[in-house]
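Inspection log for the structure reproduced underneath, given as structure tokens.
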Amino acid sequence: MRTKSLKKNTINVVTLGCSKNVYDSEVLMGQLRANNKEVVHEEEGNVVVINTCGFIANAKEESVNTILDFVQKKEAGEVDKVFVTGCLSERYKPDLEKEIPNVDEYFGTSDLPNLLKALGADYKHELIGERLTTTPKNYAYLKIAEGCDRPCSFCAIPIMRGKHKSKPVEALVTESEKLAAKGVKELILIAQDLTYYGLDLYKKRNLAELLRALVKVEGIEWIRLHYAFPTGFPMDVLEIMNAEPKICNYIDIPLQHISDSILKSMRRGTTQAKTTRLLEDFRAAVPNMAIRTTLIVGYPGETEEDFETLKNWVTTMRFERLGCFTYSHEENTHAYNLEDDVPEEVKQQRANEIMEIQSQISWELNQAKIGKTFKCIIDRKEGNHFVGRTEFDSPDVDNEVLIDATKHYVKIGDFTNIKIIEASDFDLYGEPV
Ligand code: SF4
């Protein structure tokens with residue numbers, strides 16, 4: 001049997017999906033480490049925990065294939081145990097137990113104590129806010145809330161993550177201090193809906209208050225905002241973004257669409273006029289802000305005219321950063337009652353058209369950066385390049401700044417001023433100054 005060659009009693013945590021899943025895996029690993037368990041992240045181990053994603057079709061497929069891969073390894077004696085947790089497991093546990101029975105046990109998204117028990121560990125309350133980060137040492141995600149109260153018609157997240165639940169400011173400050181003590185310089189704030197923060201706990205939108213507390217954490221130099229929502233946006237966040245250099249002039253605000261009839265069907269609670277005005281207010285309040293958004297094309301009933309409206313709007317608004325998904329028909333969501341009437345190839349064609357427009361805009365915006373110098377954080381070295389980011393770039397989704405390592409040396413994990421000498425549609429090339 002080949003198991004003998006494997007490192008014994010090593011728990012391998014495999015993370016799929018979004019930054020919130022990365023965060024949950026890190027919490028799990030922190031708990032396991034505190035129980036003196038040998039734990040690794042996506043390396044060899046004889047016990048495997050797969051933290052799955054259940055958001056849309058592609059992600060679900062990737063999760064199922066990953067489970068099947070490890071079950072095969074188990075049947076081949078290459079791993080001893082396979083456990084599954086995360087969103088796919090939360091959403092489809094009964095089906096998965098029937099269809100892939102050779103998994104040792106399935107767990108939901110709020111089942112950490114039971115998962116730990118199955119791994120021979122105890123849940124340690126005193127560890128709240130502590131985790132084993134898997135991101136490069138200089139940045140870490142900070143999940144400020146879990147769940148979502150919004151009724152977006154296409155979205156299954158509330159089914160998998162439950163109602164919105166904010167974490168107290170004090171707990172988040174303590175967590176940030178511990179991260180800073182470990183060398184983290186950039187905090188990336190995440191939630192399902194960042195701008196809803198505090199409404200449950202403090203009966204008011206409290207994101208600005210949280211930011212005022214986080215900027216006081218020594219060692220943290222950049223704070224980045226992800227997953228804002230357009231309606232009820234707390235404008236005081238822009239004031240502190242302007243006032244506090246630590247808060248990156250950057251915001252990620254998924255807007256999904258802009259045609260009024262589609263926004264209405266999506267139950268987004270906003271209109272083209274209101275959304276456009278909000279973005280104009282952003283630009284007026286923080287002139288050099290980088291705005292990232294995400295769009296969905298091919299939503300049920302999306303006509304050529306709706307799509308033209310979206311294309312023209314993307315061309316006019318000139319987002320600094322933009323991603324585009326094709327609509328995924330998700331069971332138990334409100335939109336599932338509608339006919340998924342846009343053919344897959346048309347959905348894909350529309351997504352390609354949007355990204356073509358965006359790559360041209362991004363190319364033009366990047367050309368304007370040539371000759372300018374930006375404070376950059378250096379994340380890693382890859383081949384002949386050091387790879388960094390400006391405050392306008394979030395890891396994994398935005399532009400990267402490439403520095404020729406055969407000519408220059410910059411310290412990984414440090415901030416360095418980089419002069420941009422060349423630019424493509426999604427990357428910048430520069431040298432330290
Ligand atoms: S705000 Fe985001 S997570 Fe919440 S329902 Fe809408 S799309 Fe889903």
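The values are calculated or read from the model by the stated rules, or taken from the named source; none is laboratory data. Since the model is a prediction, treat every value here as computed from it, not as a measurement. Counting neighbours? That spans all protein chains shown, and the Cβs are built from the backbone with ideal geometry, glycine included. For the accessible areas, the whole protein counts, side chains as well, though only heavy atoms, and no ligand, DNA or RNA atoms are used. Shrake-Rupley method; radii C 1.70, N 1.55, O 1.52, S 1.80 Å.
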Among G323, L310, I361, which residue has its Cα positioned farthest towards the positive end of the charge dipole of the stretch 307-414, with +1 placed on the Cβ of Lys and Arg, -1 on the Cβ of Asp and Glu, and the dipole taken about the Cα centre? I361
Of V346, C376, H408, farthest towards positive along the dipole that unit charges on Lys, Arg, Asp, Glu beta carbons give the stretch 315-424: H408
Normalised contact order of the chain, rounded percent, pairs of Cα under 8 Å and 6 or more residues apart: 10 percent
Using Cα-Cα distances under 8 Å and only pairs 6 or more residues apart, what relative contact order does the stretch 20-176 have, in percent? 25 percent
Taking the Cα centre of the chain as the origin and placing charges on Cβ (Lys, Arg +1; Asp, Glu -1), which of V27, A181, L112 is farthest toward the positive end of the dipole? A181
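Let me spell out the model: positive unit charges on the Cβ of Lys and Arg, negative unit charges on the Cβ of Asp and Glu, origin at the Cα centre of the stretch 1-158. What dipole size does that give, in debye rounded to 20?
Details: 20 positive and 24 negative charges, 61 e Å.
I would put it at about 300 debye.
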Test of the criteria: in the stretch 336-433, which trypsin sites (Lys or Arg not before Pro) are in a DSSP loop and have at most 16 other Cβ atoms within 10 angstrom of their Cβ? K372, K407, K411
Descending Cα extents along the principal axes, the stretch 67-138, whole Å: 36, 25, 24
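Which of the pairs K37/K411; K124/K203; K124/K246; K185/K411 have their Cα atoms more than 24 Å apart in this structure? Display every interim value, and only then the final one.
On the way: K37/K411 32 Å; K124/K203 30 Å; K124/K246 33 Å; K185/K411 14 Å.
K37/K411; K124/K203; K124/K246, as the Cα separations exceed 24 Å there.
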Taking K and R as +1 and D and E as -1, what net charge do the other residues with C-beta under 11 Å from the C-beta of N384 add up to? 0
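How much accessible area per residue does the chain have, counting only protein heavy atoms and a probe of 1.4 Å, in square angstrom? Kindly include the intermediate steps, with their values, before the conclusion.
Details: 18840 Å² over 433 residues.
Result: 44 Å² of accessible area for each residue.
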Reach of K182 by Cα under 13 Å, taken over aspartates and glutamates that are not fewer than 8 positions away in the same chain: E130, E218
Which lysines, if any, have their Cα less than 16 Å from the Cα of K74, not counting same-chain residues under 8 positions apart? K4, K7, K8
Please give the charge dipole size of the stretch 378-432, origin at the Cα centre, charges +1 on K and R Cβ atoms and -1 on D and E Cβ atoms. Round to the nearest 20 debye. 340 debye
If amide H atoms are modeled at 1.01 Å from N in the peptide plane, then the residues at a separation of 5 or more from V79, or on another chain, having amide H under 5 Å from its own are K74
Apportionment of accessible area to carbon and sulfur, the chain, percent (1.4 Å): 51 percent
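Quickly estimate the mean residue ellipticity at 222 nm for the chain, helices only: each DSSP H run with n ≥ 4 gives -39500 (n - 2.57), and the total goes over all residues, rounded to 500.
One gets -10500 deg cm²/dmol as the mean residue ellipticity at 222 nm.
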Of all beta bridges DSSP finds with both residues in the chain, what is the antiparallel percent, to the nearest 5? 35 percent
Size of charge dipole - the chain - debye, nearest 20, with Cβ of Lys, Arg +1 and Asp, Glu -1, no other charges: 1480 debye
For the stretch 1-139, alpha-carbon Rg and Dmax in angstrom: 14.3, 43
